[in-house]
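Let me begin by presenting the structure, written as structure tokens, before commenting on it.
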Amino acid sequence: MRVYNFSAGPSMLPEPVLQRAREEMLDWHGSGMSVMEMSHRGPHFRQIAENTEALLRELLGVSDEYHCLFLQGGATGQFAAIPMNLLGDRRIMSYVLTGSWGKKAAAEAKKYGEVMIAASSEDAKFTTIPDPAAWDVDPEAVYLHYTSNETIGGVEFPFVPEVDVPLVCDMSSDILSRPVDVSRFGVIYAGAQKNMGPAGITVVIVRKDLLRPPHPATPQVFDYAKQAEAGSMLNTPPTYNWYLLGLVLEWLRDQGGVEGIEKRNIEKAGLLYGAIDASDFYYNPVDPRYRSCMNVPFTLADPSLDGLFLKEAEAEGLVNLKGHRSVGGMRASIYNVMPLEGVQALVQFMQEFERRHG
Ligand code: PLP
């Protein structure tokens, strides 16, 4: 039996994608090989890689002014790669902190220059977004970094910030969940394992004119210009993950693209927040203006019931609802692939649990 998996990542993949991967496992399109066995330099894999990039560009509307890179090292690798590739001979970077991931990104960037915190909601336990009118963006900053969706706290930007320096955005947990005007960004990056595919491949979309001579200690696999020149194949890329990423993008196109999936995402999130708000038994601490459509943290009025909640949910096929260890409680991650039925089943379970234990 397949379960509804509310994990924050790696997360659910579309069933048709898994089925197709199974069908093509031993013999991809008459090649007589699994994708896993192909040379990344051969014609078959080249076709897969090119199709994947074309789909990504189509779905997000990425122009030729940008490189699309398919790298390893996760979003965490990009925390370092970004300053290494963008700073050149300058030093100042601005960061807006709305959760733990932005904080980690800033801590890593400090190794390469001077990080100025333009705004932070840490005093509010990362439950909101500081008023953009009050952000202190250093005019000398090479870029402003923010995290469009904080996966742990469940805080998501409903707007793209208006600033005078290039925007760098960690979209790991909400990329492709809604339309986005890529031309507003200098860099968008995301690990695949939430909304795009299996763990092990990281998408970086970078405006070509922002690249500077990289920091002298930049590993060549993190050198954007070199990777772009090599078609992200400076070394052996994660070929199978790249292929699965392409299949997920095809699935997404079949769902009506990002516009189509956004409608479903809004419906799912509305249903879950609606149930939480209608109850005194469940509570979500996030400023309602900035609640995430992807990650919905909530607590039970009586935390001693947490274990029972998780156990009974699992028995109903609703798994991985445990909140992040740093915040406790529950977290339902309802990325693109989570069907409406999964959220309906969760809401029904929550209401029944409250009836029995509230
Ligand atoms: N940024 C965000 C918003 C995340 O949610 C995560 C992972 O959960 C990361 C960065 C780190 O990603 P990775 O594990 O791919 O390095």
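Test V165 against the criterion of being touching a Phe, Trp or Tyr at 6+ places or on another chain (Cβ under 8 Å), away from the ligand (no atom under 16 Å from the Cβ) and not in a strand (DSSP E or B), and give yes or no. Yes, satisfied. The residues in region 261-291 that are loosely packed, with under 14 Cβ neighbours inside 10 Å and under 17 Å from M338 (Cα atoms) can be counted, and the count is 4. Picking from G191, G186, which residue would you name as being small (G, A, S) and within 13 Å of the ligand (Cβ to nearest atom)? Only one candidate qualifies: G191.
Only one of M33, M1 is away from the ligand (no atom under 16 Å from the Cβ), farther than 20 Å from P237 by Cβ and of a type outside the set (D, E, K, R); which?
M1
Of all the numbered requirements in (1) touching a helix residue (DSSP H, G or I) at 6+ places or on another chain (Cβ under 8 Å); (2) under 20 Å from K194 (Cβ atoms), D254 misses one, and that requirement is (1).
The residues of region 269-292 that are part of a loop (DSSP other than H, G, I, E, B) and closer than 16 Å to T127 by Cβ, listed by number, are N284, P285, V286, D287, S292. State whether one or more residues within region 148-159 are touching a strand residue (DSSP E or B) at 6+ places or on another chain (Cβ under 7 Å), of a type in the set (V, I, T) and part of a strand (DSSP E or B). So far as region 148-159 goes, no, none of its residues is touching a strand residue (DSSP E or B) at 6+ places or on another chain (Cβ under 7 Å), of a type in the set (V, I, T) and part of a strand (DSSP E or B).
Those residues that are assigned to a strand (DSSP E or B), free of Cβ contacts under 8 Å to residues at least 60 places away in the same chain and within 15 Å of the ligand (Cβ to nearest atom), I need them from region 62-121; list them, please. Result: Y95, L97.
Applying the set (1) over 17 Å from G61 (Cβ atoms); (2) under 16 Å from the mean Cα position of the chain (by Cα); (3) more than 12 Å from the ligand (Cβ to nearest atom) to P179 leaves exactly one unmet item: (1). For the residues A134, A54, the requirement of being in contact with a strand residue (DSSP E or B) (Cβ under 8 Å, 6 or more places away or on another chain), assigned by TED's automatic domain parsing to the domain that holds E162 and more than 13 Å from the ligand (Cβ to nearest atom) singles out A134.
Taken over region 112-148, the criterion of being closer than 9 Å to G99 by Cα and surrounded by 21 or more Cβ atoms within 10 Å (Cβ to Cβ) is satisfied by S121, F126, T147. Filtering V187, V206, V180 for residues that are surrounded by fewer than 24 Cβ atoms within 10 Å (Cβ to Cβ) and in contact with a helix residue (DSSP H, G or I) (Cβ under 9 Å, 6 or more places away or on another chain) leaves a single hit, V180.
The set of residues from region 343-358 being in contact with a helix residue (DSSP H, G or I) (Cβ under 8 Å, 6 or more places away or on another chain) and either not assigned by TED's automatic domain parsing to the domain that holds A269 or not polar (S, T, N, Q) (or both) comprises V343, L346, V347, F349, M350, F353, H357.
The values are calculated or read from the model by the stated rules, or taken from the named source; none is laboratory data. Quick caveat, the model's predicted, so the values are computed rather than measured. Cβ atoms come from the backbone with ideal geometry, glycine included; neighbour counts cover every protein chain shown.
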